[in-house]
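Q: Structure provided below as structure tokens; questions to follow.
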Amino acid sequence: MATSKSLATSSPTDADAAVQSALRTLDAEGSGITALTAALQSDLGPAFAAAAELIRDAKGRLIITGLGKSGHIGRKIAATFASTGTPAFFVHAAEAGHGDLGMITADDVILALSWSGEQPEMKNLITYAKRFRIALIAMTAERDSTLGKAADVTLTLPKAREACPHNLAPTTSSVMMLALGDALAIALLEGRGFTSTDFSVLHPGGKLGAMLKFVRDLMHTGVEVPLKPLGTKMSDALVEMSSKGFGCVGIVDANGDLVGIITDGDLRRHMRPDLMTAAVDEVMTKNPKTTSPDTLAIELLDTLNSSQPRITVLIVAEGRKPVGIVNVHDVLRAGVA
């Protein structure tokens with residue numbers, strides 16, 4: 001209640017001041033990204049390419065380290081790498097000197113984040129990397145810092161003013177580190193040809209996991225699939241449609257290949273006194289649209305939504321053989337939309 005009261009009584013001037021402060025912050029952080037873009041097109045570019053090559057060719061994993069705000073950013077970067085096909089995890093720079101160095105092997109690559117490059121906690125990690133010849137990549141604003149000099153590759157971030165009015169609180173600098181880490185992860189993703197199918201293997205949970213399910217995970221199979229052979233009377237086909245509850249029936253030839261489909265729309269278009277005694281061959285829509293078991297659920301939903309005329313169900317086929325059926329309700333129940 002106190003919060004509601006304070007919001008209700010705040011003056012327009014106070015609200016405007018907050019918005020103006022936010023705009024200044026975003027402008028400062030945007031300037032940092034602009035400077036980073038320019039640096040990548042200049043001196044930072046070759047170092048970035050070398051860092052990507054080191055990580056790509058590593059036999060082990062990518063170890064990301066840092067402390068303070070750089071540590072928090074490092075954790076997120078490690079998660080992004082891991083989720084996009086580059087095995088990675090975070091080691092806190094201070095904890096490294098108290099046993100966590102044992103997590104790092106000679107086959108790994110270390111990416112160390114430090115704006116100043118002078119945190120004393122990095123000393124043990126640098127020494128360890130040199131002792132066991134572990135490749136070290138530095139992300140720092142100071143090329144000539146202790147960390148910058150010790151690294152095999154130094155990603156030198158351009159100088160930029162923090163959004164903090166005192167130029168103290170890590171804000172712009174944190175955004176720049178995060179952006180450069182994301183850029184590295186995506187460069188490696190694209191370089192490896194990491195696909196949406198690969199992505200789905202690493203993201204089985206939540207809304208994202210639902211979007212990355214395959215049609216084979218959602219489809220109905222076996223006796224649930226409404227199918228009838230060519231030559232079937234429409235009266236029998238209508239019973240199949242009604243009993244299976246999908247509003248359609250697939251028509252197959254003597255080889256079991258799907259050659260047509262009959263939907264509610266087909267019934268309306270062919271309505272006549274002798275419809276029930278006609279053969280399905282006369283009523284079916286030939287060469288119906290199908291989907292594959294390996295289609296992603298999100299892609300299936302796009303297909304259903306964009307189809308004209310609008311469709312809500314598709315037969316699932318491997319080649320011309322029907323293997324299942326899926327409708328929009330199956331997709332929605334899976335949590336895709």
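The values are calculated or read from the model by the stated rules, or taken from the named source; none is laboratory data. Since this is a predicted model, take the numbers as computed values, not measurements. Reconstructed Cβ throughout: ideal geometry from the backbone, glycine too, with neighbour counts over all protein chains shown. Side chains included, ligands, DNA and RNA excluded: accessible areas come from the protein's heavy atoms. Shrake-Rupley method; radii C 1.70, N 1.55, O 1.52, S 1.80 Å.
Q: Please compute the net charge surrounding residue 320, taking Lys and Arg as +1 and Asp and Glu as -1 over other residues with Cβ under 11 Å from its Cβ.
A: Within the 11 Å Cβ shell, the charges total -2.
Q: Okay, next question. Enter the accessible area of residue 98 (Å², nearest 10), with the probe set to 1.4 Å and all protein chains included.
A: 150
Q: Using the Cα centre of segment 87-188 as origin and beta-carbon charges of +1 (Lys, Arg) and -1 (Asp, Glu), tell me which of 153, 101, 91 is placed farthest towards the positive end of the dipole.
A: It is 153, whose Cα lies furthest towards the positive end.
Q: Which of 180, 324, 191 sits closest to the plus end of the dipole of the chain, meaning its Cα is farthest towards the positive end, when Lys and Arg get +1 and Asp and Glu get -1 on the C-beta?
A: 180
Q: Based on the Kirkwood radius over alpha-carbon pairs, what value in µm²/s does the Stokes-Einstein equation return for the translational diffusion coefficient of segment 239-323 at 10 °C and 1.306 mPa s?
A: My calculation gives 114 µm²/s for D.
Q: Just reorder 281, 27, 330 by solvent-accessible area, largest first, 1.4 Å probe, all chains present.
A: Putting 281, 27, 330 in descending order of accessible area: 27, 281, 330.
Q: Considering only protein heavy atoms and a 1.4 Å probe, what is the carbon-and-sulfur percentage of the accessible area of the chain?
A: Of all accessible area on the chain, carbon and sulfur atoms account for 55 percent.
Q: With a 1.4 Å probe and all protein chains kept in place, how much accessible area does residue 31 have, in Å² rounded to the nearest 10?
A: 60
Q: May I ask you to rank 244, 130 by accessible area, largest first, using a 1.4 Å probe over the protein chains only?
A: In descending accessible area the options line up as 130, 244.
Q: A further question follows. Before I look further, what does the chain give for accessible area per residue, probe 1.4 Å, in whole square angstrom?
A: On a per-residue basis, the chain sits at 52 Å².
Q: Using 0.36 nm per residue, how much length does the chain from residue 289 to residue 27 gain when fully extended, once their Cα-Cα distance is taken away?
A: 89.4 nm is the gain from fully extending residue 289 to residue 27.
Q: I've got another one for you. With the convex hull built on the Cα atoms of segment 273-337, state its orientation-averaged projected area in nm².
A: Mean projected area of the Cα convex hull: 5.8 nm².
Q: Here's something else I'd like to know. Using only the heavy atoms of the protein chains and a 1.4 Å probe, how would 127, 303, 140 rank by accessible area, largest first?
A: 127, 303, 140
Q: Report, in debye and to the nearest 20, how large the dipole of the chain comes out about its Cα centre when Lys and Arg carry +1 and Asp and Glu carry -1 on their Cβ.
A: Dipole size: approximately 220 debye.
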